[in-house]
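Asks: Dropping the structure in here first, questions after.
Coordinate-derived values only; no laboratory data. This one's a predicted model, so the numbers in the text were calculated from it and none came from an experiment. As a convention, Cβ positions derive from the backbone with ideal geometry for all residues, glycine included, and neighbour counts pool all protein chains shown.
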Amino acid sequence: MLKLNDPALLRSQCYVDGSWIGEGVDAVDNPATGELLAKVPRFGANETTAAVEAASRAFKPWAKKSAKERSTILRKWFELIMANQEDLAQIMTAEQGKPLAEARGEVAYAASFVEFYAEEAKRIYGETIPSPFPNSRIIVQKQPVGVCAAITPWNFPAAMITRKCAPGLAAGCTFVVKPAPDTPLTALALVELAERAGFPKGVINVVTGDAAAIGGVMTSHPTVRFIGFTGSTPVGKLLMQQAASTVKKVGLELGGNAPFIVFDDADVDAAVQGAIAAKFRNMGQTCVCTNRLFVQEGIHDEFVAKFAGEVARMKVGNGVEVGVVQGPLINARAVEKVERHVADAVAGGAKVVTGGKRHALGRSFYEPTVLSGVTTKMLVTREETFGPVAPVYSFKNEDEVVALANDTPFGLAAYFYTRDLGRAFRVAEELEYGMVGINSAMLGTEVAPFGGVKESGLGREGSLHGIDEFVEMKYMLVGGL
Ligand code: NAD
């Protein structure tokens, strides 16, 4: 049973126009235990249209508030999220499976966007431009785009919502949010706190239910001016196509296939620790997760031995238990995909160094796995595995590994370890990725622009640039002066 300090945070209805509505239909289960946590409404096109209309009515009054007023409410939301960090983490671990320490970390990460954009709300500056015309001035003002829609995945149930909503709300936009069906409870708890923080009705709305129907309205309703999506590349492409009919702004944070490169001159122990963090965070279900490990031949065997030793010691179990660092995968489909990828690699000649099968705990638990002798033809190379499997390749030189790393349609995150300063710049500049970790496996922070190139997405979330998605520039020429 989920025990919360504040049981009122466990909301199971949708939030539209300031009211909690809808009957529980779709089950939300705990992936570690199978326990039914709640049932949430199965909304479709009509309810989504009503939510868009509510957001539309709320838009002008919200946009007309002073930046300082919006900032104050955002700041209050940040404080409430942090005051309820433990309850939010408990809800997240229960529905998503990640260890409690990671869930607490994600709540703080989610809150950091709200704090950052509460501050930035006051700094959405315009420009004055020297006019080429006599007796005139040119002024550029930034205005909110309008009603925004957000569709988010299950792997970061809190942060993917605040990373979109916080900059948009700061700019004066209003929102309709559709969380992932596996993890709606974190989203609803966040919105309960938003209501307490004082957002006026209609400014944030959350709908759960039929993804295609909800997404259909979000992408076709003329009132929606921006759609922000985090999730898989195929769904992102579909939404982009759908949004074309009404020429909406689109922000896409899609899949990755992150390379993690270790050069002969690297600090091997630091690289092992970095690889553990970059591969196994959230059981490997992270868009910036290492999907392919390239280790230069001189240190390959040493690296694999040390890395596999650490991986074999990882404690797997229910994320609420002390010492557990690997929880269950999100659902049966996820573990089946991992099994398929490992079977394909083994059939192609890869060696299982550790792990390689479902965990004795059953359900969707999978053993943290290291594979060696992997080739570029295998599924683990071509697709995002999204699970606790680390395939290791051996490489000879810098040119070869940069070509291997770039040989993918994705371009989200890349990592490499070296102590050669010249190589650090050369390789970082050659990698076709939106984000590069050099001797570091930690990329997520609210102060830096997060996002990908190629088929990993469009636009950036976080940092000063995160606001750009949510504003339009208006150029005003003032003549007759
Ligand atoms: P998904 O694409 O299956 O689902 C994401 C969201 O889209 C969910 O809310 C889902 O219900 C919704 N959806 C599915 N079909 C839809 C449709 N036809 N219309 C409207 N909405 C629809 O992805 P997922 O499995 O939940 O998440 C994992 C994926 O997300 C991975 O590929 C991962 O790399 C990516 N991801 C990317 C980032 C990033 O910042 N780039 C961050 C986290 C996750």
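Asks: Using the Cα centre of the chain as the reference point, and only Cβ charges (+1 on K/R, -1 on D/E), how large is the resulting charge dipole? Debye, rounded to the nearest 20.
Replies: The dipole magnitude comes to about 1320 debye.
Asks: Which entries of K76/K98; K237/K396; K315/K357 have Cα-Cα distances beyond 25 Å here?
Replies: Listed pairs above 25 Å: K76/K98; K237/K396.
Asks: Within segment 130-150, find all residues whose amide N lies under 15 Å from a label point positioned 7 Å from the Cα of E472 along Cα-to-beta-carbon.
Replies: 141-149
Asks: In addition: State the Kirkwood hydrodynamic radius of the chain in Å, one decimal place, computed from all pairs of distinct Cα atoms.
Replies: Radius from the Kirkwood sum: 23.2 Å.
Asks: Would you calculate, for the chain, the mean residue ellipticity at 222 nm contributed by helices, counting each DSSP H stretch of 4 or more residues as -39,500 (n - 2.57) and dividing by all residues, to the nearest 500?
Replies: Calculated mean residue ellipticity at 222 nm is -12000 deg cm²/dmol.
Asks: Please enumerate, by chain and number, the aspartates and glutamates with C-alpha under 15 Å from the C-alpha of K201, excluding those fewer than 8 residues away in the same chain.
Replies: Filter leaves D17, E53, E192.
Asks: Restricting the count to DSSP beta bridges whose residues both fall in the chain, what percent are antiparallel, rounded to a multiple of 5?
Replies: 40 percent
Asks: Report the label-to-label distance for A312 and I438 in nanometres (one decimal), using points 7 Å from each Cα along the Cα→Cβ vector.
Replies: 3.6 nm
Asks: Then there's this: Among M92, M283, M240, M218, which comes first, then next, by fewest other beta-carbon atoms within 10 Å?
Replies: M240, M92, M218, M283
Asks: To continue, here is another question. What do you get for Rg/Rh of segment 279-356 when both radii come from the Cα atoms and Rh is the Kirkwood radius?
Replies: 0.97
Asks: Excluding Y417 itself, calculate the net charge of residues whose Cβ lies under 12 Å from the Cβ of Y417, where each Lys or Arg counts +1 and each Asp or Glu counts -1.
Replies: Around Y417, the surrounding residues sum to -3.
Asks: Still on this structure: Which whole-percent values make up P(r) of segment 1-141 when all C-alpha to C-alpha distances are grouped in 5 Å steps starting at zero?
Replies: 2, 8, 11, 13, 15, 16, 13, 7, 4, 3, 3, 2, 2, 1, 0
Asks: If you don't mind, there's one more thing I want to ask. At a 10 Å Cβ-Cβ cut-off, how would you order L80, L421, fewest neighbours first?
Replies: Ascending number of Cβ neighbours within 10 Å: L421, L80.
Asks: Enumerate the lysines that K474 could reach by cross-link, defined here as Cα to Cα under 27 Å, with residues fewer than 8 away along the same chain left out.
Replies: Candidates past the 8-residue exclusion: K60, K64, K65, K68, K122, K142, K164, K248, K249.
Asks: Right, here's the next one. Not counting the cut sites, what is the longest span of the chain without GluC sites (Glu not before Pro) that DSSP labels loop and that have at most 13 other Cβ atoms within 10 Å?
Replies: 36-296
Asks: Give me the mean projected area, in nm² to one decimal, of the convex hull enclosing the Cα positions of segment 123-268.
Replies: Averaging across all directions leaves 15.0 nm² for the Cα convex hull.
Asks: Would you please give the FRET efficiency between S232 and D301, computed as 1/(1 + (r/R0)^6) with r the Cβ-Cβ distance and R0 = 45 Å, to the nearest 0.05?
Replies: The value I calculate is 0.80.
Asks: What's the Cα-based Rg to Rh of segment 137-194, Rh via Kirkwood?
Replies: Over the Cα atoms of segment 137-194, Rg/Rh equals 1.12.
Asks: Using 0.36 nm per residue of separation minus the Cα-Cα distance, give me the extension gain between M82 and D264 in nm, one decimal.
Replies: Working it through step by step, the gained length comes to 61.3 nm.
Asks: Now for a separate question. Check which residues have an amide H placed less than 5 Å from D29's amide H, if you skip close sequence neighbours.
Replies: L37
Asks: Considering all alpha-carbon pairs of segment 416-481, what whole percent are spaced by more than 17 angstrom?
Replies: Value for segment 416-481 (Cα pairs over 17 Å): 59 percent.
Asks: Can you give the net charge of the other residues whose Cβ lies under 10 Å from the Cβ of N406, counting K and R as +1 and D and E as -1?
Replies: Net charge in that neighbourhood comes out at -2.
Asks: Of the options L36, V16, A63, report the single residue whose Cα projects farthest towards the positive end of the charge dipole of segment 16-64 (beta-carbon charges: Lys, Arg +1; Asp, Glu -1).
Replies: Farthest towards the positive end: A63.
Asks: Return P(r) of segment 95-208 (all Cα-Cα pairs; 10 Å bins starting at 0; whole %; ordered from short to long distances).
Replies: Each 10 Å bin holds this share of Cα pairs: 13, 40, 25, 12, 7, 3, 0.
Asks: Next question, about the same structure. With the contact rule set at Cα under 8 Å and sequence spacing of 6 or more, what percent relative contact order holds for the chain?
Replies: This gives 18 percent for the chain.
Asks: What is the local net charge at W154, summed over the other residues whose Cβ is closer than 9 Å to its Cβ (Lys, Arg +1; Asp, Glu -1)?
Replies: Result for the neighbourhood of W154: -2.
Asks: Suppose R0 equals 51 Å. What FRET efficiency, 1/(1 + (r/R0)^6) with r the Cβ-Cβ distance, do A403 and E23 give to the nearest 0.05?
Replies: Here the calculated transfer efficiency is 0.40.
Asks: Still on this model: In whole angstrom, how long is each semi-axis of the equivalent ellipsoid of segment 152-228, when you take the square root of 5 times every eigenvalue of its Cα gyration tensor and sort them from largest down?
Replies: So the three semi-axes of segment 152-228 are 18, 17, 11 Å.
Asks: Nearest 5 is fine: what % of DSSP beta bridges in segment 263-393 come out antiparallel, could you say?
Replies: Restricted to segment 263-393, the bridges split so that about 40 percent are antiparallel.
Asks: Normalise the Debye intensity by I(0) for segment 213-336, one equal point scatterer per Cα, no solvent, then take log10 at q = 0.16 Å⁻¹ and round to two decimals.
Replies: Treating every Cα as an identical point scatterer, log10 I(q)/I(0) equals -0.87.
Asks: Counting other beta carbons within 10 Å of each residue's own, what order do M473, M435 fall into, fewest first?
Replies: By the 10 Å Cβ count, ascending, the order reads M473, M435.
Asks: Dipole magnitude of segment 364-466 about its Cα centre, charges +1 at Lys/Arg Cβ and -1 at Asp/Glu Cβ only, in debye to the nearest 20?
Replies: Here segment 364-466 has a charge dipole of around 120 debye.
Asks: A further question on this structure: Just the Cα atoms of segment 333-481, one point each, no solvent: what log10 I(q)/I(0) does Debye give at q = 0.14, 0.19 Å⁻¹?
Replies: -0.86, -1.23
Asks: May I pose another question? Any idea how far apart A448 and S131 come out in nm if each label point goes 7 Å out from Cα toward Cβ?
Replies: 4.3 nm
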